[in-house]
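A quick write-up on the structure given underneath.
The values are calculated or read from the model by the stated rules, or taken from the named source; none is laboratory data. Since this is a predicted model, take the numbers as computed values, not measurements. Positions of Cβ are generated from backbone atoms using ideal geometry, with glycine treated the same way; all protein chains shown enter the neighbour counts.
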Amino acid sequence: MNSTATNTTLHVVLGASGAVGSALMGELARQGLPARAVSRTRPTALPAGTDWLAADLSSAPSVERAVQGAGVVYLAAQPAYTRWALDFPPILDAVIGGVGRVGARLVFADNLYSYGPVTTPLREDSPERPQSRKGQVRLALARTLLDAHRAGVLPVTIGRASDFYGPGVHGSLVGAPFFRAIVAGKRPPWIERSDQLHSFSFIDDVARGLVTLAQHGPAFGEVWHLPAAEALTATGFAALIAQEAQTAPPRPRALSGLPLRALALFSPLIRELADVQYQVAAPFTVDGTRFTSTFGGQPTPHRSAIRQTLAWLRAGSLEPSPAEEVAGSPL
C-alpha cells in the first residue's frame with residue numbers, strides 16, 4: 001500500500017460542510033494542495049477554485065464516485081450527536097468500501113471518547129475502556145478502521161483531538177455559544193465542574209495535524225493524538241476569552257448533579273452529554289508529545305487562537321446561526 005502523499009496528490013474531504021471539514025479545506029488551500037469538498041449540501045464557503053461534489057456517505061457507490069482520483073481521503077463527517085450509534089457504522093462501512101476500491105489512503109478525524117475516565121494525561125497507549133455508549137461507538141469505529149488497514153483493504157491513520165473551538169465551530173462545549181455568551185457579558189454554558197483541567201483543541205491545529213498525518217507514510221496503521229495548547233479549566237479558558245474580548249471575567253454556568261439528570265429525562269442531547277460527563281467532572285487532558293516528537297510543530301497558543309475565533313464571530317453575526325440550530329448547542 002502506497003502511503004506517501006505528494007504535492008500533486010488529490011485530497012478529498014468527506015463532510016466538508018462541518019467544522020473539521022471546513023478547517024481541512026482551508027488548510028489544504030493554505031498548503032496549495034489539490035482538494036475536493038464532498039458533502040450532502042454545498043458548504044457556505046469554499047476556497048477559490050475548489051471542486052465540490054454531493055454524496056451520500058452511507059452508500060459505498062456514492063462514496064466511490066465522490067473520491068475518484070483521490071490519493072488521500074479525510075473522513076470528517078459527523079452524524080448528529082444523538083445518532084452516532086445508528087448512523088456512524090453504515091457511513092464507516094461505505095467509506096471503507098468506496099475508498100478501498102479507489103485505492104486511496106484514509107485519514108479519520110476522531111475524538112477521545114474511547115478512553116473512558118482517566119487519572120493521567122491521555123496518551124496513545126492509554127487503556128481504551130469506555131464507560132459510555134458514545135465511547136463504545138468510537139472504539140468500535142477505530143478498531144474497524146485499524147482492522148481494515150491490517151487486512152490490506154486500505155491504508156488508515158487516525159488523528160484524535162479534544163473538544164475543539166475556533167472559526168466555524170458551533171456544536172461544541174466551547175463552540176460559538178460559549179464565546180458568544182462571554183462577548184455579551186454573560187456566563188457561558190458548561191457541564192459538570194468548571195474547575196477541572198481540560199484540553200481544548202484549536203480547530204486549525206486539528207486540520208493541520210490531520211494533513212500532516214496524510215503526508216507521512218509511518219503515520220498509517222497508527223492512532224495519533226493531535227497536539228493542543230496547555231490544558232486549562234473551563235473557568236480559566238473563559239477568563240482568557242474575556243480578556244481578549246475586553247469583558248468582565250465570567251464564571252461558567254455549570255449544569256450538574258440532579259438538575260442534569262432531570263433534564264436528561266426530557267432532552268436526548270442532554271442525555272448524551274450526561275453519558276460522557278466524566279470528561280468534565282475530573283481532569284481530562286491530552287498528551288500530544290508523540291506527534292510533535294515525530295512530525296514536529298507546535299499547537300497555536302490559546303490567546304492567538306481565541307483572537308482568531310473572536311475575529312470570526314465579529315466578522316459574521318453574534319446571533320446564533322442556522323448551523324448552530326442544526327448542530328445543537330451543548331446546553
| query | Quick one: would you say Ser172 is more than 21 Å from Trp312 (Cα to Cα), hydroxyl-bearing (Ser, Thr, Tyr) and part of a loop (DSSP other than H, G, I, E, B)? | reply | no
| request: Select from region 164-198 the residues that are closer than 20 Å to Gly26 by Cβ and within 17 Å of the chain's Cα centre (by Cα) and list them in ascending order. | output: Phe164, Tyr165, Gly166, Pro167, Gly168, Val169, His170, Gly171, Ser172, Val174, Gly175, Ala176
| request: Might you check whether a residue that is over 24 Å from Gly175 (Cβ atoms), touching a strand residue (DSSP E or B) at 6+ places or on another chain (Cβ under 6 Å) and β-branched (Val, Ile, Thr) occurs anywhere in region 87-97? | output: yes
| remark: Restricted to region 20-51 and to residues being modelled with pLDDT under 95 and hydrophobic (A, V, I, L, M, F, W, C), the residue farthest from Ala76 (Cα to Cα) is Ala48
| note | Restricted to region 93-122 and to residues being aliphatic (A, V, I, L, M) and closer than 21 Å to Pro283 by Cβ, the residue surrounded by the most Cβ atoms within 10 Å (Cβ to Cβ) is Leu112
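On the phi > 0 side of the Ramachandran plot and in contact with a strand residue (DSSP E or B) (Cβ under 7 Å, 6 or more places away or on another chain): does that describe Gly49?
no
For region 26-55, name all the residues that are of a type in the set (A, V, I, L, M) and either under 15 Å from Gly15 (Cα atoms) or touching a residue at least 60 places away in the same chain (Cβ under 8 Å) (or both).
Of everything in region 26-55, those that are of a type in the set (A, V, I, L, M) and either under 15 Å from Gly15 (Cα atoms) or touching a residue at least 60 places away in the same chain (Cβ under 8 Å) (or both) turn out to be Leu28, Leu33, Ala35, Ala37, Val38, Ala45, Leu46, Leu53, Ala54, Ala55.
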| field | Verdict on Arg138 being over 17 Å from the mean Cα position of the chain (by Cα) and among the basic types (Lys, Arg) | value | no
| message | So the check is Cβ under 9 Å with 6+ separation or different chains; which pairs have a first residue in region 285-303 that's closer than 9 Å to Ala229 by Cβ and a second one that's part of a loop (DSSP other than H, G, I, E, B) and of a type in the set (Ser, Thr, Tyr)? | response | none
| said: Give me the residue from region 18-33 that is part of a loop (DSSP other than H, G, I, E, B) and either among the hydrophobic types (A, V, I, L, M, F, W, C) or under 10 Å from the mean Cα position of the chain (by Cα) (or both) and, out of that set, nearest to Gly159 (Cα to Cα). | reply: Gly18
| field | Boolean, Pro89 is touching a residue at least 12 places away in the same chain (Cβ under 8 Å), assigned to a loop (DSSP other than H, G, I, E, B) and under 21 Å from Arg133 (Cα atoms) | value | no
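Can you pull out every residue in region 123-158 that is of a type in the set (Ser, Thr, Tyr) and buried (at least 20 other Cβ atoms within 10 Å of the Cβ)?
Thr157
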| Within region 246-307, helices (runs of 4 or more DSSP H) holding 2 or more residues that are hydrophobic (A, V, I, L, M, F, W, C) and at pLDDT below 90 | 257-264, 268-275, 278-281
| task | Could you tell me which of the residues Pro188, Pro155 is closer than 23 Å to Val73 by Cβ and either touching a strand residue (DSSP E or B) at 6+ places or on another chain (Cβ under 6 Å) or in the same structural domain as Gly236 (by TED's automatic domain parsing) (or both)? | result | Pro155
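Of the residues Ala228, Ala161, only one is touching a helix residue (DSSP H, G or I) at 6+ places or on another chain (Cβ under 6 Å), buried (at least 23 other Cβ atoms within 10 Å of the Cβ) and either within 28 Å of Arg314 (Cα to Cα) or outside the structural domain of Leu310 (by TED's automatic domain parsing) (or both); which?
Ala161
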